[in-house]
Amino acid sequence: PTHSPTSVLYFFCQAAVGDGNKPVLRFGPTSGPTDVLQTTDLLIGKKLVDQPLVFANACTTSSADPYVANLLQQNLFRRGCRGFLGTETKVPIQLASRFAEIFFHFFYRKADQAPMAAGEALAQTRLFLLTEYANIGGIFYTYLNQYELYMASDSEVQALRPR
């Protein structure tokens, strides 16, 4: 990201896992070089100095072979991301966009005045999809790293700590 501070890095695209569990992200209508980011494009680069939460809302961004680590997640953590939210399997476009809308609704505290942790926002999104739409699609999403990652000012987070 070129703008700082960047607290959330969100992308919505199509994803695939190539040879050797190498992630490929497609952001356009073709499989040409202008629309596709290969592993070398994604994983080699500067540190993510603002340590953003990365929300990779694309099919299979959290999946991996049982014996091989997910290279996308692994390298984004090496570059300094603070948390990673992605999908374990293919997710329909309608579910992916609805999931993101609901997740950010909770994460950015539009549902409550108190800051909500990213892990809790994920849990609340899953629960909302299940109770309001009878949709179990939230279980396809995985959140990694700090459960208590907040999108809040320092004073709001300090107010949450017991004295």
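Working carefully through the options PHE84, PHE99, find the one that is hydrophobic (A, V, I, L, M, F, W, C), touching a Phe, Trp or Tyr at 6+ places or on another chain (Cβ under 8 Å), assigned to a helix (DSSP H, G or I) and closer than 14 Å to ALA56 by Cα. Let's see the steps before the verdict.
Values: PHE84 fails: assigned to a helix (DSSP H, G or I).
Testing whether each residue is hydrophobic (A, V, I, L, M, F, W, C), touching a Phe, Trp or Tyr at 6+ places or on another chain (Cβ under 8 Å), assigned to a helix (DSSP H, G or I) and closer than 14 Å to ALA56 by Cα leaves just PHE99.
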Point to revise | Enumeration of residues in the stretch 108-136 that are among the hydroxyl-bearing types (Ser, Thr, Tyr) and in a loop (DSSP other than H, G, I, E, B) | key: TYR108
Point to revise | Residue that is nearest to ILE136 (Cα to Cα) [pool: residues in the stretch 69-111 that are at pLDDT below 80 and of a type in the set (A, V, I, L, M, F, W, C)] | key: ALA111
Practice item. Just one of (1) in contact with a strand residue (DSSP E or B) (Cβ under 9 Å, 6 or more places away or on another chain); (2) surrounded by fewer than 18 Cβ atoms within 10 Å (Cβ to Cβ); (3) not in a helix (DSSP H, G or I) trips up VAL91, so point out which. Key: (2)
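The values are calculated or read from the model by the stated rules, or taken from the named source; none is laboratory data. Nothing here was measured: the structure is a model prediction, and the numbers come from that model. Here Cβ is always computed from backbone atoms with ideal geometry, including for glycine, and neighbour counts include all displayed protein chains.
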